[in-house]
Amino acid sequence: MLRTLTARIVFLVAAVAIAAAALTTLAFARVLGATNEDQAAMTIVGDADRVAARLSARPRTAASDVLVVRLRGYTVHVWRAGEATVPLPFALADLARATDDAPAVRRSVAGKEWLIAARPTTDGRVALLARQVAAAGRLTPAQQRRALLGGGLGLVGGVLAGLAVALSITRPLGRLAGAARRMSAGERRLAVPAEGPAEVAAVADALGTLSRALAASEERQRRFLLAVSHELRTPLTAVVGYAEALQDGATPPAEVPRAASVIVTESARLQRRVEDLLALARLEADDFRLEPAPADVGALVRAAAAAWAPRGSAAGVVLSVDVPASGPVVVTDGERVRQVVDVLVDNALKVVTAGCPLILACRGTPDGGARVEVRDGGPGLAPEDLAVAFERGRLTERYRGRRPVGSGVGLALVGELARRMGGSAHAAAAPEGGVAFSVCLPPAPPPPPASG
């Protein structure tokens, strides 16, 4: 059985080549046969001229006629005046056609085809020559070799062409199969060359796209797992340590409330970390969806300020709002905008010291969009840190041990949400002395034209 694509293509092309070679050989043989017949017609006319000339040059005797008409391959008859008939395959009509320039004629006699030529002599006789067409058109050994050689060359060329076509398809497919096996073994971001026919090149391009997509997906998973392991380790350690101490009775009764307080606090931290990580994981997933609708950004900022006011008051932070009386209104996902504000305020309350301001602001932009800001009074960031503020974990790694830090996920979440909403996130020095985090939202699309 033909199990490989190469074998099947070569077999198919070879079969076609054999059929084509057979047809070519047959057609070539027929052309050569027809050429031989045409040549035989010209030859029989020339031989008839020579026979007539030889008869005219000899005495009119039966012996001379016998000597003249011994021509190999021909049926010859010399007609003399007074004969009432002629032998087959000749006919009396041939005598009437006997002129010096008469062409050969073709006649069917008893199921056989004949070429017949007739020439008059100077003394009133007529030389009649006949030859079977089948014998005249028969290929010579040299012609047979040429016909077979042509068919054989066609067959060999067809097989070689089939092999070339098969290799042009199967070799790129073999490389694609190898790349797929390497991908299944865990290799990613493969450079798959787009070779071969357009369809095979399209498969190579699709495989390369799949490899890059898998690499990106696995990189997201890796980052998520690293963030989970890093961010959850500290609160889990505290919770487990105090819980074990309580279980073993190693905690003095007077310390039980404090241990319980630590467990509650660290559990709350753990919950926030999990929520941040899950939010970012959902945001990076391919099935993340926004629900855009007209949203009053000013109202969203005022609602966030009201929700965070108790915590700000407890921390001694002066929380204020700087928004216009109404608007601005843009078409966006209002829940995501509120999520951005909540993350920025939560991050600010972790680092802003008592007595410093925290401003929640928004305003419209000249292009019809909106700009949301969360500014604080300190301690601020170095200029080089402002450029990387929304990269996951950069600020956490830099300031851990020097000031209160979060999970490193919140600002990354803000940057990604801003991008998904069609806007952008920025960090700059705030006039109040700290940092101004802002998110620019694109303008609302123009309203549809009025009907009618």
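What the table below lists for this structure:
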{"read-out": "Burial order of peptide ranges 297-307, 411-421, 323-333 (average beta-carbon count within 10 Å, highest first)", "value": "411-421, 297-307, 323-333"}
{"read-out": "Nearest-10 value in Å² for the accessible area of residue 426, using the 1.4 Å probe", "value": "80 Å²"}
{"read-out": "Accessible area, probe 1.4 Å, largest first, for residues 363, 371, 125, 145", "value": "145, 363, 371, 125"}
{"read-out": "Accessible surface, 1.4 Å probe, highest first, among residues 340, 31", "value": "31, 340"}
{"read-out": "Accessible surface of segment 291-359 [probe 1.4 Å, protein heavy atoms]: carbon and sulfur percent", "value": "58 percent"}
{"read-out": "Relative contact order computed over segment 347-392 (Cα-Cα under 8 Å; 6+ residues apart), in percent", "value": "35 percent"}
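The values are calculated or read from the model by the stated rules, or taken from the named source; none is laboratory data. Nothing here was measured: the structure is a model prediction, and the numbers come from that model. Here Cβ is always computed from backbone atoms with ideal geometry, including for glycine, and neighbour counts include all displayed protein chains. For accessibility, only protein heavy atoms count, side chains too; no ligands or nucleic acids. Shrake-Rupley method; radii C 1.70, N 1.55, O 1.52, S 1.80 Å.
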